[in-house]
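Enquirer: First the structure, then my questions, so here it is.
Please treat every number below as a calculation from the coordinates, not as lab data. Just so it is clear, the model here is predicted, and its values are computed rather than measured. Glycine gets a Cβ as well: all are built from the backbone with ideal geometry, and neighbour counts include every protein chain shown.
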Amino acid sequence: MRESDVPDDLAETLVTEEQITAKIAELAAAIDADYAGKDLLLVAVLKGAFVYMSDLVRALSGQVTVDFMAVSSYGAGTRSSGVVKINKDLDTDITGRHVLIVEDIIDSGLTLSWLLENLRSRGVASIEVAALLRKPDAAKVQVPVKYLGFDIPNAFVVGYGLDYAEKYRNLRSIAVLAPHVYA
Ligand code: IMP
């Protein structure tokens, strides 16, 4: 889906398809260099990270393996309480593995911070984060991100895997959702 397919639903383009492609090539080169000769496992957090995972993995030259997790946050109606439930765990035993968590967006950072500690406690050889987007102004906890795509303003965005009510995940770019859509 392109922005021209849903022009009334979007307020502003934040990252174009071309910008995403160029950034992924840059990040993939850094990841290839850093993990040369190492056995790398990429772990994506569903559902939002599925598009980024799919493009990032194909931009890498080295041999890698992939796995997926699904998590949701508990709590009194808050979107991110920091208390996380695992809906789908990894299929892989990550003891002694080099793990790279692939995330679509870091908002409060609470989900990722919990996930980092959970996976680290399984005895990994190393663990790092590759996040395509980050909202610095929304951070409630600082999460170390080794491979970052773009810092964006604190607005609700859709596209490139990110949804509103499960829609817009198939939009090729990343755009701010028009307020009338969720009003
Ligand atoms: P955090 O725990 O607040 O960092 O939550 C991060 C998760 O919230 C992401 O993985 C997304 O699924 C979701 N999220 C945060 N901001 C947005 C947004 O602007 N659009 C769509 N989903 C978002």
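Enquirer: I need to check one value: relative contact order of the stretch 1-124, counting alpha carbon pairs closer than 8 Å and at least 6 residues apart, in percent.
Expert: Relative contact order, the stretch 1-124: 24 percent.
Enquirer: Which of G123, G62, G149 ends up with the largest GNM mean-square fluctuation for the chain, with Cα atoms connected below 10 Å?
Expert: G123
Enquirer: Please build a GNM for the chain, connecting alpha carbons under 10 Å apart, and tell me which residue among D89, D55, D151 fluctuates the most.
Expert: Its mean-square fluctuation being the largest, the pick is D89.
Enquirer: Net charge within 15 Å of L10 by Cβ-Cβ distance, Lys/Arg positive one each and Asp/Glu negative one each, not counting L10 itself?
Expert: With Lys, Arg at +1 and Asp, Glu at -1, the neighbours total -3.
Enquirer: Only helical DSSP H runs with n ≥ 4 go in: add -39500 (n - 2.57) per run for the chain, normalise by residue count and round the 222 nm mean residue ellipticity to 500 deg cm²/dmol.
Expert: So the helix-based figure for the chain works out to -7000 deg cm²/dmol.
Enquirer: In addition: Pull up all non-local amide H partners of L10: gap of 5 or more, or a different chain, and H-to-H distance under 5 Å with H placed in the peptide plane.
Expert: Result for L10 returns A178.
Enquirer: Please work out whether the stretch 114-183 counts as rounded, prolate or oblate from its C-alpha gyration tensor, where a ≥ b ≥ c are the square roots of the eigenvalues and a/c under 1.5 means rounded, while otherwise a/b larger than b/c means prolate and anything else oblate?
Expert: Numbers: a/c = 2.33, a/b = 2.05, b/c = 1.14.
Judged from the Cα gyration tensor, the stretch 114-183 comes out prolate (a/c at least 1.5, a/b above b/c).
Enquirer: Summing Lys, Arg as +1 and Asp, Glu as -1, what charge do residues with Cβ under 12 Å from the Cβ of D137 carry, D137 excluded?
Expert: Taking every other residue near D137 into account, the sum is +1.
Enquirer: I would also like to ask the following. Could you tell me which of the pairs K38/K85; K146/K167; K38/K135; K23/K85; K23/K88; K23/K167 are separated by over 26 angstrom between their Cα atoms in the structure shown? Walk me through the intermediate numbers first.
Expert: On the way: K38/K85 31 Å; K146/K167 29 Å; K38/K135 31 Å; K23/K85 32 Å; K23/K88 29 Å; K23/K167 24 Å.
Where the Cα-Cα span goes over 26 Å, the pairs concerned are K38/K85; K146/K167; K38/K135; K23/K85; K23/K88.
Enquirer: When a footprinting reagent is the concern and you count Cβ atoms within 10 Å, what order do F68, F156 take, fewest first?
Expert: Least crowded to most crowded, the residues run F156, F68.
Enquirer: Can you tell which of A131, A44, A33 shows the greatest fluctuation in a Gaussian network model of the chain with Cα springs below 10 Å?
Expert: A33
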